[in-house]
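**Q** To start, I am sharing the structure in question, which I have written as structure tokens.
The values are calculated or read from the model by the stated rules, or taken from the named source; none is laboratory data. Nothing here was measured: the structure is a model prediction, and the numbers come from that model. Here the Cβ is made from the backbone with ideal geometry for all residues, glycine too, and neighbour counts use every protein chain on show. Ligands, DNA and RNA are excluded from the accessible area calculation, which covers all protein heavy atoms including side chains. Shrake-Rupley method; radii C 1.70, N 1.55, O 1.52, S 1.80 Å.
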Amino acid sequence: MQHRVKHGIGRALAIQATRAAMDSYSTKYGAYSPKTRWTSDHEARVVFQAKGITLEGGIEVLDDEVVLQMDIPFLLRPFQRRGLEVVEREIRAWCERAQRGEL
């Protein structure tokens, strides 16, 4: 599954916002044991637990969007939309903060 979030704030600022979003996500949703490991300045690997299953995916920050990539097991597909909404909401909120100069 691939999901794209438009940011419109330029790549450098979007990288800062995405890093802040993932840090915030890790704090807010600690029960899911989220971990983010940045593999380059604009790409990260993400791991978390849901319903006893470990999920892995990736994030790539491009010039005009953030791309989320994750394989969702069949058993968790009913929860896929909710999970995407949460992650997208965090990224959008931090991009808006970045646009206002709040990073």
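**Q** Carbon and sulfur: what percent of the chain's accessible surface (1.4 Å probe)?
**A** Within the chain, the accessible surface is 50 percent carbon and sulfur.
**Q** With the contact rule set at Cα under 8 Å and sequence spacing of 6 or more, what percent relative contact order holds for segment 33-96?
**A** 18 percent
**Q** On C-alpha positions alone, give me the angle between the axis of helix 80-99 and the longest principal axis of the chain, in degrees, nearest 10.
**A** Roughly 20 degrees between the two axes.
**Q** Per residue, what accessible area does the chain have, given a 1.4 Å probe and all protein chains present, in Å²?
**A** On the way: 6210 Å² over 103 residues.
I get 60 Å² per residue for the chain.
**Q** If I fit a long axis through the Cα atoms of helix 11-28 and take the longest principal axis of the Cα atoms of the chain, what angle between them do I get, 0 to 90°, rounded to 10?
**A** Compared with the principal axis, the helix lies near 40 degrees.
**Q** Can you tell which of ILE59, VAL86, ILE9 lies farthest toward the positive end of the dipole of the chain, using +1 and -1 charges on the Cβ of basic and acidic side chains (Lys, Arg; Asp, Glu)?
**A** Among ILE59, VAL86, ILE9, the one farthest towards the positive end of the dipole of the chain is VAL86.
**Q** Just tell me which aspartates and glutamates come within less than 16 Å, Cα to Cα, of LYS35; anything on the same chain fewer than 8 places away is out.
**A** ASP23, GLU43, GLU56, GLU60, GLU90
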